[in-house]
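Engineer: Sharing a structure below in structure tokens format, with a few things to ask.
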Amino acid sequence: MQSLQSLQPRISVAPMMDWTTKDYRFFARLFNPNVMLYTEMVTTGAILFGDAKRHLDYSAQEHPIVLQLGGSNPQELATCTEMAEDWGYDEVNLNVGCPSDRVQNNKIGACLMAEPDLVAECIHTMQKAVNIPVTVKHRIGIDDMHSYEEMLHFVDTVAATGCTHFVVHARIAILKGLSPKENREVPPLRYEDVYRLKQERPHLTIEINGGIKTFAETQTHLQHVDGVMIGREAYHNPYLLAEMGQLWNLEAPDRFEIMEQMLPYIEQRMAEGAPLSIITRHILGLFQNLPGARKWRQALSGGNAKTLADVEQAICNMQAALIRTEEYLKEPQA
């Protein structure tokens, strides 16, 4: 694997609860060897007082991989960061952006933007515990603390610890009155605030997140910042990750070749006892925007695929659909 420093520009897949599982990450890695993959947010309590192996295990093929932690106790965060380094993670990220009520009640996520000194203490303690990078993902503001100057104060306070990498979701989080879904859609995007942050703090690595859906948009953002984090679009249309390979002059992989690599993985996971449906749900978007994509999704969702042979049949049907379309397009049109 290349060093993290060599993977420039930085392109990441955002941590998403119930979505960026190890099965999705294995699938996503097949599209692009350089994209940074994040785990779902894992709380310190889940690691320290729950099943650490279940939360921390991943496939070696997933590198480069980042563990995102949720918490606000500096010592607990440091312990989990040390465990992440021992587990082989390439980086640890602290969540200061999640707006859900559940994490607020546990002093996790976006509510921590109101306590920059506490976040700085957490980051400082985490950094002292390990040699791998420790980064922060945050919003541009919360509730009534939504000015650029307040965000800059937060970043400067945390950066004083030596932290140099900030992933900035370009929306504020409204912690009272909006659901997590609404917080991804209702507050307006303020990309210019993130651009300004990079301009005024050029020594920091600034990665932008929020509402980014295309390679062209990514190229535009990279004219202003150091990296781009893609969220739900990377899940619903994973071939976007293959398109990102142009940034490193990589040849885009064939979708059917990706499935050839997925089949042994699916077989292995099923042998471990994993239900087929929890794996296939992550590959539904493989043929997004192509003829036959709807039938592909139908064949693999809702428990319709019960065996590996069902998945192989869905692949054959998709190949046939694309061949028919290609032949139709070659015919003279009246």
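Engineer: For L241, are the conditions met, namely being in contact with a helix residue (DSSP H, G or I) (Cβ under 7 Å, 6 or more places away or on another chain) and either at pLDDT 95 or above or assigned to a loop (DSSP other than H, G, I, E, B) (or both)?
Structural biologist: Working: in contact with a helix residue (DSSP H, G or I) (Cβ under 7 Å, 6 or more places away or on another chain): yes; either at pLDDT 95 or above or assigned to a loop (DSSP other than H, G, I, E, B) (or both): yes.
Yes.
Engineer: Of these, G88, G45, G97, G50, which one is crowded, with 23+ Cβ neighbours inside 10 Å and of a type outside the set (V, I, T)? Outline the logic, then answer.
Structural biologist: Working: G88 fails: crowded, with 23+ Cβ neighbours inside 10 Å; G45 fails: crowded, with 23+ Cβ neighbours inside 10 Å; G50 fails: crowded, with 23+ Cβ neighbours inside 10 Å.
Result of the check over G88, G45, G97, G50: G97.
Engineer: Same structure again: Consider C111 carefully, then state whether it is assigned by TED's automatic domain parsing to the domain that holds F49 and part of a loop (DSSP other than H, G, I, E, B).
Structural biologist: Working: assigned by TED's automatic domain parsing to the domain that holds F49: yes; part of a loop (DSSP other than H, G, I, E, B): no.
So C111 fails the test.
Engineer: Among the residues of the range 148-176, write down those that are small (G, A, S) and assigned to a strand (DSSP E or B). Before you say what the answer is, go through the steps one by one.
Structural biologist: The first filter runs over the range 148-176 and keeps only residues small (G, A, S), leaving 159-160, 162, 170, 173.
Hits for the range 148-176 are A170, A173.
Engineer: Any chance the range 311-320 includes a residue that's exposed (fewer than 15 other Cβ atoms within 10 Å of the Cβ), closer than 20 Å to A28 by Cα and not assigned by TED's automatic domain parsing to the domain that holds E243?
Structural biologist: So the first thing to find is which residues in the range 311-320 are exposed (fewer than 15 other Cβ atoms within 10 Å of the Cβ), and the list is 312-313, 316-317, 319-320.
Subsequent filtering for residues that are closer than 20 Å to A28 by Cα retains 312.
With the extra rule that they be not assigned by TED's automatic domain parsing to the domain that holds E243, the set shrinks to 312.
Within the range 311-320, one or more residues are exposed (fewer than 15 other Cβ atoms within 10 Å of the Cβ), closer than 20 Å to A28 by Cα and not assigned by TED's automatic domain parsing to the domain that holds E243.
Engineer: So, S147, is that one among the polar types (S, T, N, Q) and modelled with pLDDT under 95 or not? It would help to see each step written out before you state the result.
Structural biologist: Numbers: among the polar types (S, T, N, Q): yes; modelled with pLDDT under 95: no.
Taking the combined requirement at face value, the residue does not satisfy it.
Engineer: Are there any helices (runs of 4 or more DSSP H) wholly within the range 180-222 with 3 or more residues that are at pLDDT 95 or above and assigned by TED's automatic domain parsing to the domain that holds I11, and if so which? First the steps, then the outcome.
Structural biologist: Working: elements: 180-183, 191-200, 215-221.
Here the list reads 191-200, 215-221.
Engineer: Let me ask something else. Being hydrophobic (A, V, I, L, M, F, W, C), surrounded by fewer than 19 Cβ atoms within 10 Å (Cβ to Cβ), touching a residue at least 12 places away in the same chain (Cβ under 8 Å) and within 17 Å of T44 (Cβ to Cβ) narrows it down to one of L178, L118, L152, so name that one.
Structural biologist: On the way: L178 fails: within 17 Å of T44 (Cβ to Cβ); L152 fails: within 17 Å of T44 (Cβ to Cβ).
Going through L178, L118, L152 in turn, just one is hydrophobic (A, V, I, L, M, F, W, C), surrounded by fewer than 19 Cβ atoms within 10 Å (Cβ to Cβ), touching a residue at least 12 places away in the same chain (Cβ under 8 Å) and within 17 Å of T44 (Cβ to Cβ): L118.
Engineer: Go through the range 71-93 and count every residue that is in contact (Cβ under 8 Å) with a residue 40 or more places away in the chain, assigned to a helix (DSSP H, G or I) and closer than 22 Å to M36 by Cβ.
Structural biologist: So the count comes out to 5.
Engineer: Among the residues of the range 253-283, which ones are in contact (Cβ under 8 Å) with a residue 12 or more places away in the chain and in a loop (DSSP other than H, G, I, E, B)? Don't jump to the end; show me each part of the working.
Structural biologist: Let us first name the residues in the range 253-283 that are in contact (Cβ under 8 Å) with a residue 12 or more places away in the chain, namely 253, 255-256, 258-259, 261-263, 265-267, 269-270, 274, 276-283.
Answer for the range 253-283, where residues must be in contact (Cβ under 8 Å) with a residue 12 or more places away in the chain and in a loop (DSSP other than H, G, I, E, B): P253, A274.
Engineer: Out of the range 293-310, which residues are more than 25 Å from the chain's Cα centre (by Cα), outside any helix (DSSP H, G or I) and surrounded by fewer than 19 Cβ atoms within 10 Å (Cβ to Cβ)?
Structural biologist: Hits for the range 293-310 are G303, N304, K306, T307.
Engineer: Quick one: what pairs do we get from the range 52-64, first residue in the same structural domain as R25 (by TED's automatic domain parsing), second surrounded by 15 or more Cβ atoms within 10 Å (Cβ to Cβ) and in a loop (DSSP other than H, G, I, E, B), C-beta under 7 Å, 6+ apart or different chains?
Structural biologist: Hits for this filter: H63/D90; P64/L7; P64/D90.
Engineer: Which count do you get for residues in the range 245-269 that are exposed (fewer than 15 other Cβ atoms within 10 Å of the Cβ), under 21 Å from G303 (Cα atoms) and not acidic (D, E)?
Structural biologist: Summing the residues that are exposed (fewer than 15 other Cβ atoms within 10 Å of the Cβ), under 21 Å from G303 (Cα atoms) and not acidic (D, E) in the range 245-269 gives 3.
The values are calculated or read from the model by the stated rules, or taken from the named source; none is laboratory data. Owing to the predicted nature of the structure, the values given are computational and were not obtained by experimental measurement. No Cβ is skipped: glycine too gets one built from the backbone with ideal geometry, and neighbour counts run over all protein chains shown.
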